[in-house]
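The values are calculated or read from the model by the stated rules, or taken from the named source; none is laboratory data. Keep in mind that what you see is a predicted model, and the values were worked out from it rather than measured. Here the Cβ positions follow ideal geometry from the backbone for every residue, glycine too, while neighbour counts run over all protein chains shown. Note: areas computed on protein heavy atoms with side chains; ligands, DNA, RNA excluded. Shrake-Rupley method; radii C 1.70, N 1.55, O 1.52, S 1.80 Å.
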Amino acid sequence: METQSSSIGIKGTVGYVPPEYGMGSEASVTGDVYSFGVTLLEMCTRRRPTNCMFQGGLTLHEFCKMASPEKVMETVDPSLLLAWSDGRRRVKVEECLVTVIRIGVACSMESPIERMEMRDVLAKLCAARQTLVGRLV
């Protein structure tokens, strides 16, 4: 018996659609988490998941995962650091970016059960923001 697969039902943008959708899974919260993670990584690196550098098994997720945390500053978009020339403040920005990259990697794991839950994502993003700008009044 021959098994056939079809991509007719897959809806989404290449690079942002979670792998399980290609295997016939229904849209899900974990799929949304995956797409969110890829978007975070794109915002921090200024590289789309479809960038020509991502070939031969290298993905935006793997690129960021390999860099974190020691080489994160080599992967982030340099324009994110331009406004932060003050040394102490720049350290906070770098800490924040490392956190955001880690979150993006955790959200864009290939397996849905390995992805972060959005409540945890929110808590970590709020903590990173607080580290960067301090407590809001």
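Out of all the residues in region 67-111, which are in contact with a Leu (Cβ under 9 Å, 6 or more places away or on another chain) and farther than 16 Å from LEU40 by Cα?
LEU81, ARG89, ARG90, LYS92
Every residue, every condition in (1) part of a helix (DSSP H, G or I); (2) open to solvent by 50 Å² or more (accessible area, probe 1.4 Å); (3) farther than 21 Å from MET116 by Cβ; (4) in contact with a helix residue (DSSP H, G or I) (Cβ under 9 Å, 6 or more places away or on another chain), yes or no:
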site: SER35; (1), (2), (3), (4): yes, no, no, yes
site: GLU42; (1), (2), (3), (4): yes, no, no, yes
site: GLN55; (1), (2), (3), (4): no, yes, yes, no
site: PHE63; (1), (2), (3), (4): yes, no, no, yes
site: SER79; (1), (2), (3), (4): yes, yes, yes, no
site: ARG88; (1), (2), (3), (4): yes, yes, yes, no
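Could you say whether any residue in region 91-99 is touching a Lys or Arg at 6+ places or on another chain (Cβ under 9 Å), open to solvent by less than 70 Å² (accessible area, probe 1.4 Å) and either more than 20 Å from THR13 (Cβ to Cβ) or assigned to a helix (DSSP H, G or I) (or both)?
Yes, that holds for at least one residue.
Counting only residues that are hydrophobic (A, V, I, L, M, F, W, C) and more than 17 Å from PHE63 (Cβ to Cβ), how many does region 18-48 have?
So the answer is 5.
Which residues, taken from region 65-77, are outside any loop (DSSP other than H, G, I, E, B) and open to solvent by less than 80 Å² (accessible area, probe 1.4 Å)? Before you say what the answer is, go through the steps one by one.
Residues of region 65-77 that are outside any loop (DSSP other than H, G, I, E, B), as a first pass: 65-67, 72-75.
ALA67, VAL72, MET73, THR75 - these are the residues of region 65-77 that are outside any loop (DSSP other than H, G, I, E, B) and open to solvent by less than 80 Å² (accessible area, probe 1.4 Å).
Within region 5-26, count every residue that is hydrophobic (A, V, I, L, M, F, W, C) and either open to solvent by 90 Å² or more (accessible area, probe 1.4 Å) or at pLDDT 90 or above (or both).
Initially, region 5-26 is screened for residues hydrophobic (A, V, I, L, M, F, W, C), giving 8, 10, 14, 17, 23.
Pick out the ones that are also either open to solvent by 90 Å² or more (accessible area, probe 1.4 Å) or at pLDDT 90 or above (or both) and you get 8, 14, 23.
The qualifying residues number 3.
Taking CYS96 and the conditions (1) over 27 Å from PRO18 (Cα atoms); (2) touching a residue at least 24 places away in the same chain (Cβ under 8 Å), which numbered condition does it fall short on, given that it satisfies the others?
Only one criterion is unmet by CYS96, namely (1).
Between residues in region 55-73 that are within 17 Å of VAL93 (Cα to Cα) and residues that are open to solvent by 60 Å² or more (accessible area, probe 1.4 Å), which pairs lie under 8 Å by C-beta distance while being six or more apart or on different chains?
Note: pairs meeting the criteria are ALA67/GLU74; SER68/ARG102; PRO69/ARG102.
Please go through region 102-128 and pick out each residue that is open to solvent by 80 Å² or more (accessible area, probe 1.4 Å), farther than 18 Å from PRO69 by Cβ and of a type outside the set (A, V, I, L, M, F, W, C).
Result: GLU110, GLU114, GLU117, ARG119.
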